[in-house]
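Note sheet for the following structure.
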Amino acid sequence: MSTELSTGATRQSAEALARSKGEPNWLVELRGEAAELAGTLGWPKPEKVRIERWNLTAVGNYEQSTAAASIGELPAVARELIAEGTENLLVQRNSGVVWKQFSQDLASKGVIFTDLETACKEHGELVQQYLFQAVAKNEDKLTALHAALWNGGVFVYVPKNVEVEIPLQAILFNDNAGATFAPHILIVADTHSRVTYVDSVVSEPGAASAPFMHPSIVEVFVKAGAHVRFGSIHHMGETGVDMTIRRAVIDNDGRMEWIIGDLNDGNTVSDTKSVLNGKGSTSDAKVISVGTGAQQMSLTTQAVHFGKSSDSDMVTRAVMKDSASAIINGITKIEHGATKANGVQTEKVLMLSPKARGDANPILLIDEDDVTAGHAASVGQVNPEMVYYLMSRGISKQDAERLIIYGFLAPVVSEIPVEAVREQLQRLLERKLEG
Amino acid sequence: MATHFVIDGLKAEIEGKEILKGINLEIKGGEIHAIMGPNGTGKSTLASALMGHPKYEVTGGSATLDGEDLLEMGVDERALAGLFLAMQYPSEIPGVTNSDFLRSALNARLGEGNEISLIKFIRKMEGKMKELEMNPEFAHRYLNEGFSGGEKKRNEILQMMLLDPKIVVLDEIDSGLDIDALRIVSNGVNAMRSEDRGFLIITHYQRLLNYIKPDFVHVMMQGRIVKSGGPELAERLENEGYDWVKEELGIVDETVGQA
């Protein structure tokens, strides 16, 4: 399986697969070009993480998916994430979407919430305007490979002035390591619209026990005055490699919020970026992670300011255990002309083991004088003064440390918009922190 | 059993420097003792050493509460045995709400199987907060984070009220308090006076003792209690300062362990 990439993503095979799925010509073409690029471009090079040593080629083969007749048919790993009475839900299993439900009310307002493959067929013109416009397919081998192979996925379109009150939820899971699992999430929020989207990317530990790679791209377009909240929890098994690129492009007075839990057990590259094009555009990114075992992670948040008076805030918090390592980069870039822009970032790492590694690298790149920017980074252990204080009230050492660690991660946990996903996050944290 | 707290020949050091050079003190339930003294004489060290702060090492002597050796216990066990220290500089704990913390502390005190129900807890907490004239929103704020000095002190007293300790040590509870807050905090302490509870008030200003009337006053210098008396001693210190004590005892430099 791991040797198939070099041959598996040829122009011919990518195009053939696309045609066999009945994809429109423009997409067949796009995939073919991307496959060719994947053969020539190099892998991304995250700081201080040698991803070339990871099993990046285990992209598997396309697996024809069969729609589930009911939620009850889905495996527990997906089912437990679905609250009773959920209205808007999409479930991808391995290479394709197997469950979709969407409220009639939202559909009648012109909101689209479907898998991206279907959207390419049914809303081709709309999708084409945005697909691979925030993340170009020729950026590197990862984006090209993803463009050639992506499957299932999610497409959200919210028309002008429409406010979607209830969060849209997606569950993307892998229970066959041999299947290509490469969802692409595309969200377009038109002028003055509002939407919250939450997904969980998980693998079934028993079933996906062989090496697999999850190349994933998220593109979000926030039009003028629109507001998008994007929540995502990743929890794939030890044998998975998660390579996820998230990017939002924000117009005038638009607002983007990222709430990310990078909680895989395996190696992870996570890169979350907001491009603040518009005047008065704002972005808020919150990322938490818990490193366990021997996993290696590269966690990056980025904000690029073009718009005047644009504002960004980025917070990453990681707890590192065992011999896990995480390189945490925060990059705030303020371009020339982005006057009155403000960008702040904080990276904090809590080290629970002497063998773990956590590097926080705050980077400010500023090409404009009339701006404000700030950064704070810290790497440390559980503060003994805090433990002493809690213990002085009768709380045991173990409980005191637990309170402090959960408190450290609380700013993100409390922000997750869907209760079932928030509960999943709590369970995951307990498992990763105390398992 | 009536509360009986005995400190006998307590010696303690920080980073190899001896600060407490043999403290003797006995507090019975119902009594309020005040320890006064200028800065740097070891008063706060006594409080920290009794509670078990990790930076202080006890090098001699004993401290027992109702016959139990506190110094053998971990910090949490001392608290569960009934010792409470209202700290001069309470830690700020981000991400942990005050009410979650208070409930964890109260449940630790009540013990497994006797935990308080959420609804009872909230009622109890809100009642005590009202007594201390605390804004109810402080229950949902992160523990001490962004609290003013006075708010932190009130929060310490709130914890004392909820945890119902046998021996309360108040370490400079009056520092940074305006008159209103001083009155509220003192009322909180006075409301907790009982035959089963002893207090040790550490302060270097007499003004707190106008609100909380001590039964015994001790003066600390050079890491020892050098003089003891009744409330009249505090008044004389307020009027005349500490120089007469130094003169009487032939002390030139009252501080201890200063570099």
Top-ranked residue of segment A:100-113 - restricted to ones that are hydrophobic (A, V, I, L, M, F, W, C) and surrounded by 15 or more Cβ atoms within 10 Å (Cβ to Cβ), ranked as nearest to A:Lys160 (Cα to Cα):
A:Val111
Somewhere in segment B:78-94, is a residue over 17 Å from the mean Cα position of the chain (by Cα), within 8 Å of chain A (Cβ to nearest Cβ), crowded, with 19+ Cβ neighbours inside 10 Å and in contact (Cβ under 8 Å) with a residue 12 or more places away in the chain?
yes
Quick one: how many residues across segment A:406-435 are touching a strand residue (DSSP E or B) at 6+ places or on another chain (Cβ under 8 Å) and within 11 Å of another protein chain (Cβ to nearest Cβ)?
8
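Does any residue of segment B:65-72 turn out to be closer than 19 Å to A:Tyr389 by Cα, within 11 Å of chain A (Cβ to nearest Cβ), among the acidic types (Asp, Glu) and more than 19 Å from the chain's Cα centre (by Cα)?
No, there is no match, as no residue in segment B:65-72 is closer than 19 Å to A:Tyr389 by Cα, within 11 Å of chain A (Cβ to nearest Cβ), among the acidic types (Asp, Glu) and more than 19 Å from the chain's Cα centre (by Cα).
Yes or no, residue by residue, for (1) assigned by TED's automatic domain parsing to the domain that holds A:Ile245; (2) part of a helix (DSSP H, G or I); (3) not hydrophobic (A, V, I, L, M, F, W, C):
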site: A:Leu17; (1), (2), (3): no, yes, no
site: A:Trp26; (1), (2), (3): no, yes, no
site: A:Glu29; (1), (2), (3): no, yes, yes
site: A:Ala34; (1), (2), (3): no, yes, no
site: A:Val59; (1), (2), (3): yes, no, no
site: A:Ala67; (1), (2), (3): yes, no, no
site: A:Ala78; (1), (2), (3): yes, yes, no
Report whether or not B:Arg123 is more than 18 Å from the chain's Cα centre (by Cα), surrounded by fewer than 17 Cβ atoms within 10 Å (Cβ to Cβ), closer than 29 Å to B:Asp178 by Cα and without any contact (Cβ under 8 Å) to a residue 12 or more places away in the chain.
yes
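In segment A:60-81, which residues are among the hydroxyl-bearing types (Ser, Thr, Tyr) and in contact (Cβ under 8 Å) with a residue 60 or more places away in the chain? Write out each step before concluding.
Step one: of segment A:60-81, the residues among the hydroxyl-bearing types (Ser, Thr, Tyr) are A:62, A:65-66, A:70.
Listed by number, the residues that qualify are A:Tyr62, A:Ser65.
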Collect the residues in segment A:101-113 that are over 27 Å from A:Gln64 (Cα atoms) and assigned to a loop (DSSP other than H, G, I, E, B), keeping them in residue-number order.
A:Lys109, A:Gly110, A:Val111
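Output the residues belonging to segment B:141-174 that are farther than 27 Å from B:Gly29 by Cβ and among the polar types (S, T, N, Q).
Answer for segment B:141-174, where residues must be farther than 27 Å from B:Gly29 by Cβ and among the polar types (S, T, N, Q): B:Asn144, B:Ser148.
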Give all pairs with beta carbons closer than 6 Å in which a residue from segment B:26-45 that is among the hydroxyl-bearing types (Ser, Thr, Tyr) meets a residue that is outside any loop (DSSP other than H, G, I, E, B); count only pairs at least 6 apart in sequence or on separate chains.
B:Thr41/B:Met220; B:Thr41/B:Met221; B:Ser44/B:Asp171; B:Thr45/B:Ile19; B:Thr45/B:Leu20
Pairs, please: C-beta under 6 Å, at least 6 apart or cross-chain, first residue in contact (Cβ under 8 Å) with a residue 60 or more places away in the chain and in segment B:209-226, second assigned to a helix (DSSP H, G or I) and crowded, with 18+ Cβ neighbours inside 10 Å?
B:Leu209/B:Ala234; B:Ile212/B:Ser186; B:Ile212/B:Val189; B:Val217/B:Leu233; B:Val217/B:Ala234; B:Val219/B:Val245; B:Met220/B:Lys43
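Which ones in segment A:232-259 are assigned to a strand (DSSP E or B), closer than 28 Å to A:Asn161 by Cβ and touching a Ser or Thr at 6+ places or on another chain (Cβ under 7 Å)?
Answer for segment A:232-259, where residues must be assigned to a strand (DSSP E or B), closer than 28 Å to A:Asn161 by Cβ and touching a Ser or Thr at 6+ places or on another chain (Cβ under 7 Å): A:Arg246, A:Ala248, A:Ile250, A:Arg255, A:Met256, A:Trp258.
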May I ask you to list the residues in segment B:165-192 that are among the charged types (D, E, K, R) and either under 21 Å from B:Leu46 (Cβ atoms) or surrounded by 15 or more Cβ atoms within 10 Å (Cβ to Cβ) (or both)?
B:Lys166, B:Asp171, B:Glu172, B:Asp174
Can you pull out the residues in segment A:344-390 that are within 14 Å of chain B (Cβ to nearest Cβ) and touching a Lys or Arg at 6+ places or on another chain (Cβ under 6 Å)?
A:Lys348, A:Ser378
For the condition out of contact with any helix residue (DSSP H, G or I) (no Cβ under 6 Å at 6 or more places or on another chain) and outside any strand (DSSP E or B), what is the one hit in A:Val97, A:Val49?
A:Val49
So which residues in segment B:99-124 are more than 10 Å from chain A (Cβ to nearest Cβ) and within 14 Å of B:Met160 (Cβ to Cβ), if there are any at all?
B:Lys124
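Rundown of residues vs (1) among the small types (Gly, Ala, Ser); (2) under 15 Å from the mean Cα position of the chain (by Cα); (3) closer than 22 Å to A:Ala83 by Cα, yes/no style:
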site: A:Leu149; (1), (2), (3): no, no, no
site: A:Gly152; (1), (2), (3): yes, no, no
site: A:Ala170; (1), (2), (3): yes, yes, yes
site: A:Asn176; (1), (2), (3): no, no, no
site: A:His184; (1), (2), (3): no, yes, no
site: A:Asp190; (1), (2), (3): no, no, no
site: A:Tyr197; (1), (2), (3): no, yes, yes
site: A:Val202; (1), (2), (3): no, yes, yes
site: A:Lys223; (1), (2), (3): no, no, no
When every residue in segment A:391-405 that is more than 7 Å from chain B (Cβ to nearest Cβ) and in contact (Cβ under 8 Å) with a residue 12 or more places away in the chain is compared, the one nearest to the chain's Cα centre (by Cα) is A:Ile405
Looking at segment B:181-223 only, could you name the residues that are among the charged types (D, E, K, R), under 17 Å from B:Leu237 (Cα atoms) and at pLDDT 95 or above?
B:Asp215
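The values are calculated or read from the model by the stated rules, or taken from the named source; none is laboratory data. Bear in mind the structure is a predicted one, so any value in this text is a computation, not a measurement. Quick reminder, even Gly has a Cβ in these numbers, built from the backbone with ideal geometry, and neighbours come from all protein chains shown.
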